[in-house]
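As structure tokens, the structure follows; a few thoughts come after it.
The values are calculated or read from the model by the stated rules, or taken from the named source; none is laboratory data. All figures in this text were calculated on a predicted structure; none of them were measured in a lab. Methodologically, a virtual Cβ is constructed for each residue, glycine included, from the backbone with ideal geometry; neighbour enumeration extends over all protein chains shown.
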Amino acid sequence: MLEEHFPVEGADKHLSYQVLIARMIAAVADGLKGDLLGQEDREKGAHVAKYMKTSSLRFLGIQIPQIRKTARRHIREVPVEMLPQIIELLWKDEVFDFRLAAIEIMEKYSAKGDKSVALQMISDMIDDIDTWALTDPLCIVCLGTLLIRDWSIEETIASWRESENFWRRRATVLPYQHLSKKGFHRSEYTDRILRALNPHLSDKEFFVGKAVGWVLRELSKREPEMVRGYIEENRAVMTKLAIKEGSKKL
């Protein structure tokens, strides 16, 4: 398609197209950033920054639905293979709204792009996160989507269970919340979901225990008796937080 609109002659043809593509990618990323900066609400940004006590990022104060809408508009015509570079350009700036836009784009790439590339990118992004507000959308939908596409990815996620980084441990739980949601859950997923929770039942880290309970609560909407039995069977080793959160819909 590029050859039709941007004919290049001579020995530098291959390099010229690489440069052209790089410029296109940069233009999309810069356009998206500029659009978001134009929507900045400093008062709301200061409020969100105060609420996100664990994050040192800059907050523009843009509503999450608007961030998502803006990101989708800017990548509507972008080929899927170009999305990783756009994600990286957005992510490298320490701006919450840019990074949430990057996660929105990652959702599309997780569904349609190279699975191994998506998984490695998500893993790298987890290392750079210090707030649930980015961990959750990245690891629920993006990782959950990858799991449904390829169950072998579960092996990599399972290897994170002993990480000293509690956000990464939380990330081993969150994709199973996606598998528990209405519209995605299948009865054959239930045993897989519960097995994935087993290593984290006694994890006293708040954000991990909260995630375990969150998955159980969502799953209980589909499989209440299975979840009730699971909690009773494991009550002796589960944290009080996981039990409390997991039992809310029972």
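Structure data summary
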read-out: Identity of the residue in the range 111-125, part of a helix (DSSP H, G or I) and of a type in the set (Gly, Ala, Ser), that ends up surrounded by the fewest Cβ atoms within 10 Å (Cβ to Cβ); value: Ser116
read-out: Any hit, the range 58-77, residues being surrounded by 15 or more Cβ atoms within 10 Å (Cβ to Cβ), small (Gly, Ala, Ser), touching a Gly at 6+ places or on another chain (Cβ under 7 Å) and at pLDDT 95 or above; value: yes
read-out: Yes/no for Glu188 being out of contact with any His (no Cβ under 7 Å at 6 or more places or on another chain), exposed (fewer than 15 other Cβ atoms within 10 Å of the Cβ) and within 17 Å of Val227 (Cβ to Cβ); value: yes
read-out: Residue that is assigned to a helix (DSSP H, G or I), touching a Cys at 6+ places or on another chain (Cβ under 7 Å) and not aromatic (Phe, Trp, Tyr), where the choices are Glu88, Glu107, Glu155, Glu81; value: Glu107
read-out: Members of the range 158-185 found to be outside any loop (DSSP other than H, G, I, E, B), buried (at least 20 other Cβ atoms within 10 Å of the Cβ) and among the hydrophobic types (A, V, I, L, M, F, W, C), listed by number; value: Trp167, Ala171, Leu179
read-out: Candidates Ile140, Ile231, Ile193 - the one that is surrounded by fewer than 22 Cβ atoms within 10 Å (Cβ to Cβ) and hydrophobic (A, V, I, L, M, F, W, C); value: Ile231
read-out: Test result for Tyr51, at pLDDT below 95 and surrounded by 13 or more Cβ atoms within 10 Å (Cβ to Cβ); value: no
